[in-house]
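Notes follow once the structure below has been shown.
Read the figures in this text as sums done on the coordinates, not as results from a lab. As the structure is a prediction and not an experimental result, all values here were calculated from the model. No Cβ is skipped: glycine too gets one built from the backbone with ideal geometry, and neighbour counts run over all protein chains shown.
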Amino acid sequence: MKRKVFIKSLLGFAGLGLFSGVYAWQFEPFWLQFVKKKMTIPNLPQSLKGKTLMQISDIHVGNKFDWNYIIDSFQKAKLYNPDFVVYTGDFVTYEDENQFTQLETVLKSAVKGKIATVAILGNHDYGHGWSNSVVANSIVELLQKAGIQVLRNEEAEFDNLTIIGFDDFWGTNFNPEKAMKNYNSSKANLVMCHNPDVCDLDIWKGYKGWILSGHTHGGQVKPPFLNPPMLPVKNKKYSAGEIDLNDGRTLYINRALGHLWQVRFNVRPEITIFELA
Ligand SMILES: [Fe+2]
């Protein structure tokens, strides 16, 4: 009898393990969550209050997973009819030139904002070793062809909202000095920066406001009540979600729409919808 109970529980555990494995491999990586947040921006003009800004990050088009999932997610996202759409880097998981044609196909369905659509690059957009500026330039060209404006250490103003875009920290063109050159604290500002570790560098010129990041994918796997064990950042506090940096800056780390390895547990893929206030 005792033996029977033992075998039964053993089978139970094996079943649970198998279920969790299949869940983390086949289900959660494609179980998109739309996360809604309020974003208070100092000096925001009345005309932009209540408008929506959608953040999409780390789509990682390539051979690691079926990128039709990204196209499907874009279709769902379009139903929200966002005013602004910002893409915070890692458009591809680069192996070779095939990623350009794959990305071009995916971008035919890209989500666009009614007012503006902007992007910055991530480390994966710089090819092998994050060191190939030719790959990065090709991706920028594809984005621009798709009607997405790419900010590389520069700012752009849309209906009196200034969006400042940093080029990637690990890439070959990181120049925060240039990005912050025209920073004017009396305007309404928003910063896009792929890698959240940049928040800890001494380059911010007293910036107050939101910083939108990606890069970590939330660690992709997170045991309940613990930090995710795999985070590609120096500052392990920077895993996911809204983080008050206690100096007037608020960091938001999107958990990514795509992934590198096809496994997610307790870290669902995300598209964020901010309501401006
Ligand atoms: Fe990424």
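Here are the numbers for this structure:
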| read-out | value |
| --- | --- |
| Ranked Thr101, Thr88, Thr52, Thr172, criterion: other C-beta atoms within 10 Å, fewest first | Thr101, Thr172, Thr52, Thr88 |
| Stokes-Einstein translational diffusion, the range 175-267 - Kirkwood Rh over all Cα pairs, 1.002 mPa s, 20 °C, in µm²/s | 151 µm²/s |
| Between 0 and 90°, nearest 10: helix 2-22 axis offset from the chain longest Cα axis | 30 degrees |
| For the range 1-114, convex hull of alpha carbons as volume per residue, Å³ | 165 Å³ |
| Top positive-direction residue, dipole computed over the chain with Cβ charges, set Leu103, His259, Ile139 | His259 |
| Per DSSP, loop trypsin sites (Lys or Arg not before Pro) in the range 74-126 with at most 12 further Cβ within 10 Å | Lys108, Lys114 |
| The chain, dipole about Cα centre (Lys/Arg Cβ +1, Asp/Glu Cβ -1), debye to the nearest 20 | 1380 debye |
| Helix-derived mean residue ellipticity, 222 nm - over the chain, DSSP H n ≥ 4, -39500 (n - 2.57), to 500 | -6500 deg cm²/dmol |
| Span per principal axis, largest first, for the Cα atoms of the range 49-99 (Å) | 43, 19, 13 |
| Phe265 long-range amide H proximity, modeled H, under 5 Å | Val221, Lys222 |
| Relative packing of 194-207, 258-271, which averages over residues the other C-beta atoms within 10 Å, highest first | 258-271, 194-207 |
| Crossing angle, helix 68-78 versus the chain [Cα axis fit, 0-90 degrees, rounded to tens] | 50 degrees |
| Loop-resident sites, the range 166-201, for trypsin sites (Lys or Arg not before Pro), counting at most 16 other Cβ within 10 Å (DSSP) | Lys181 |
| Square roots of five times the Cα gyration tensor eigenvalues for the chain, Å | 34, 21, 18 |
| Value of relative contact order over the chain, rounded to a whole percent, pairs C-alpha under 8 Å and six or more apart | 26 percent |
